[in-house]
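The values are calculated or read from the model by the stated rules, or taken from the named source; none is laboratory data. Here the structure is a predicted model, which is why all the values come from computation and not from measurement. Positions of Cβ are generated from backbone atoms using ideal geometry, with glycine treated the same way; all protein chains shown enter the neighbour counts. Ligands, DNA and RNA are stripped out before the accessible areas are found, and what is left, the full protein with its side chains, is counted by its heavy atoms. Shrake-Rupley method; radii C 1.70, N 1.55, O 1.52, S 1.80 Å.
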Amino acid sequence: MSRQLARIRADIEHAAGGRKVELVAVSKLQSAAAVRQLAELGQRAFGENYVQEAAAKQVALAGLALEWHLIGPLQSNKCREAAQLFDWVQSLDRLKLVALLAKARPADRPALNVLIQVNIGDEASKSGCKLAELPALVDAISAAASLRLRGLMAIPAPWPDQDRRRADFRRMRQLFEDLRQQHDSVDTLSMGMSEDFELAIAEGASMVRVGSALFGARQTRQV
Ligand SMILES: *Cc1c(COP(=O)(O)O)cnc(C)c1O
């Protein structure tokens, strides 16, 4: 795994051309032992899709100073736990979740870092807010003292055609730049996965979420 990590770090650095781009290692359906291995190599940020799975892993890895990102769809009945377990929630996509997360964030923890997930042209996907819903979400998050709006996240449709992917990344970049003009706390544009993180970085991503290229293929989900 150290070889994969070194190669991905080098690829990120190359694509970033001097900009700072953060790597979130997506550890969903990977073992706690695999996370520990990467942590020992200096990787600090990990992304999980399922609250329950993340909770179990955090128990197994207690004592390691890691940063946990929720990147999977968030249900309202999981908000309480998510607000306690994670440092970042990247998949906030509806107003209802704002109040639930804000209320559940423990008072002795720093504000929960939040990215708004935008559905950028993937009509097949149910996750992510519509563009028209973005302003109300921005306002609600900004008004919540226990949440800190850091930026935007997207999972564009996996078009085989590079130019179509690039167009989606560019639209996200534009939304991000507009938002950053208006809010000092906004500094993060999370887009790009194993298949396309270099393209995403070229189009302005400041954070990439890489799973299989780092850990190898995932196990199937055990429910
Ligand atoms: C699984 C997942 C990733 C990582 O995907 P890979 O193709 O394995 O790199 C990134 N982001 C989200 C939201 C995911 O669910």
Practice prompt. Apply the Debye scattering formula to region 139-223, with a single equal point scatterer on each alpha-carbon and no solvent, then give log10 I(q)/I(0) at q = 0.18, 0.19 Å⁻¹.
Written response: -0.82, -0.87
Practice prompt. Using the heavy atoms of the protein chains and a 1.4 angstrom probe, tell me the accessible area per residue for the chain in square angstrom.
Written response: 50
Discussion item. Please list 3J(HN,Hα) in residue order for region 70-86, calculated via the Karplus relation 6.51 cos²θ - 1.76 cosθ + 1.60 where θ = phi - 60°; whole Hz, with x for glycine and proline.
Written reply: 8, 10, x, x, 10, 9, 4, 6, 10, 4, 4, 5, 4, 5, 8, 8, 9
Worksheet item: How large is ³J(HN,Hα) for each residue in region 183-199, as worked out from phi by the Karplus curve 6.51 cos²θ - 1.76 cosθ + 1.60 (θ = phi - 60°), to whole Hz, x for Gly and Pro?
Response: 9, 5, 6, 7, 9, 10, 10, 9, 7, x, 10, 3, 6, 9, 5, 5, 4
Fill in: Dipole magnitude of the chain about its Cα centre (Cβ charges: Lys, Arg +1; Asp, Glu -1), debye to nearest 20
460
Item to complete: Taking the Cα centre of region 99-182 as origin, work out the dipole magnitude from +1 charges on Lys and Arg Cβ and -1 charges on Asp and Glu Cβ, in debye rounded to 20.
Response: 240
Discussion item. Using each residue's phi in region 60-68, evaluate 6.51 cos²θ - 1.76 cosθ + 1.60 at θ = phi - 60° and report the 3J(HN,Hα) Karplus result to the nearest Hz, with x for Gly and Pro.
Written reply: 5, 10, 3, x, 8, 8, 10, 10, 9
Worksheet item: Looking at the chain, which longest stretch skips every one of the GluC sites (Glu not before Pro) that is in a DSSP loop with at most 15 other Cβ atoms within 10 Å, leaving the sites themselves out?
Response: 1-122
Worksheet item: If you roll a 1.4 Å probe over the chain with all protein chains in place, what percent of the accessible area is carbon or sulfur?
Response: 49
Discussion item. Ordering H14, H69, H183 by accessible area with a probe of 1.4 Å, largest first, what comes out?
Written reply: H14, H183, H69
Worksheet item: Any idea how far the Cα center of region 1-62 sits from the one of region 135-188, in Å?
Response: 22
Fill in: Loop trypsin sites (Lys or Arg not before Pro), region 118-153, which have at most 11 other Cβ atoms in a 10 Å radius of their Cβ (DSSP)
K126, K130
Discussion item. If you only keep lysine pairs separated by 8 or more in sequence, or across chains, how many in the chain come under 20 Å at the Cα atoms?
Written reply: 9
Item to complete: Show that you can apply the helix-only estimate: for the chain, add -39,500 (n - 2.57) for every DSSP H stretch of four or more residues, divide by all residues, and state [θ] at 222 nm to the nearest 500.
Response: -12000 deg cm²/dmol
Worksheet item: Over region 1-73, what per residue volume does the convex hull of the Cα atoms give, in whole Å³?
Response: 90
